[in-house]
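To start, the structure under review is shown below, and the notes come after it.
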Amino acid sequence: MRVKLAKNYGFCFGVRRAIKLAESKPNGITLGPLIHNAKEINRLKEDFNVVVNENIEEISQNAEVIIRTHGIPKQDLQRLKEKTSKITDATCPFVTKPQAICEKMSAQGYQIVIFGDIKHPEVKGVMSYCENNPLVVENLEALKALKLTEKVALISQTTKNIELFLEIANYLIRNCSECRVFNTICNATFDNQDSARNLAKEVDVMVIVGGKNSSNTKQLYNISKEHCQDCYLIEDFSELNAQWFKDKKLCGVSAGASTPNWIIDKVVKTIENY
């Protein structure tokens, strides 16, 4: 089986930065999973004894703590500072941008609309910077069901689909007296999504590699599925099925922003042997 990799795929700047920070803090604790890739989290534990703890109350005084790439709620950061001064902030700079926008625009009286998943840790963190109650929507239909004020400010979870974001922006512009739109989707998300879309149009089968709980990986899968019906989402090579590639000539491979090269390489080599 012939394999073609997307032009852009895998680790983004924010994830590479976070991994390096975690590796520089052996025996440290990450408050929640550092990134959405269980196998890379396990590697950090095995190689550097960097462990995950979800509960601030369980973190001991003066512990070495690393804040996850998705960031944490503002109030959690304050609680953490009361327990330890040894804090390494691995929050992606693309995530701190919407946090700052929420804080500034809500203070100016704007109703904040966040395009994202309200259960996602990044969105939970961003919401905490609002001085009023933000509206979080996953699609245009959800937005239409809500009551809007005259002044709104729109931001996005950093890993969302740009086309859906533009749909929401257009609706707000038409229906609000004043609408401030802030494009907070990160560049790596743009590049990876465009590359996956282009590749999916030319291959017989498409494989997306990444964590099943990763937002940006799911976006890559959904976009690829639109252009290549035989599209599959896996976390590593062990989930591959030889039947997927029967009578196929070219397989496209892309990977989420939290997927390390060592996992991608194993997937590619396994497919090439089919």
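Worth pointing out:
- Some residue of the stretch 24-44 being closer than 30 Å to Cys176 by Cβ and not hydrophobic (A, V, I, L, M, F, W, C): no
- Hits in the stretch 145-178 - residues which are β-branched (Val, Ile, Thr), in contact with an Asp or Glu (Cβ under 9 Å, 6 or more places away or on another chain) and either in a strand (DSSP E or B) or over 19 Å from Ala257 (Cβ atoms) (or both): Val152
- Picking from residues in the stretch 216-274 that are hydroxyl-bearing (Ser, Thr, Tyr), part of a helix (DSSP H, G or I) and buried (at least 20 other Cβ atoms within 10 Å of the Cβ), the one that is modelled with the lowest pLDDT is Thr217.
- Some residue of the stretch 129-138 being surrounded by fewer than 18 Cβ atoms within 10 Å (Cβ to Cβ), touching a residue at least 40 places away in the same chain (Cβ under 8 Å) and in a loop (DSSP other than H, G, I, E, B): no
- One residue stands out in the stretch 152-202 among those that are of a type in the set (Asp, Glu) and closer than 24 Å to Cys251 by Cβ: the one that is farthest from the chain's Cα centre (by Cα), namely Glu202.
- Among residues of the stretch 148-184, those that are among the aliphatic types (A, V, I, L, M) and open to solvent by 10 Å² or more (accessible area, probe 1.4 Å), counted: 6
- Selection count, the stretch 180-215, where residues are among the polar types (S, T, N, Q), out of contact with any Ser or Thr (no Cβ under 8 Å at 6 or more places or on another chain) and in a helix (DSSP H, G or I): 3
- Hey, Lys212 in contact with an Asp or Glu (Cβ under 8 Å, 6 or more places away or on another chain), open to solvent by 60 Å² or more (accessible area, probe 1.4 Å), under 19 Å from Cys12 (Cβ atoms) and modelled with pLDDT under 95 or not: yes
The values are calculated or read from the model by the stated rules, or taken from the named source; none is laboratory data. Note that the coordinates shown come from a computational prediction; the quantities given were computed from them, not determined experimentally. Note that we place each Cβ from the backbone using ideal geometry, even for glycine, and neighbour counts take in every protein chain shown. Areas reflect the complete protein model, heavy atoms only, side chains present, ligands, DNA and RNA absent. Shrake-Rupley method; radii C 1.70, N 1.55, O 1.52, S 1.80 Å.
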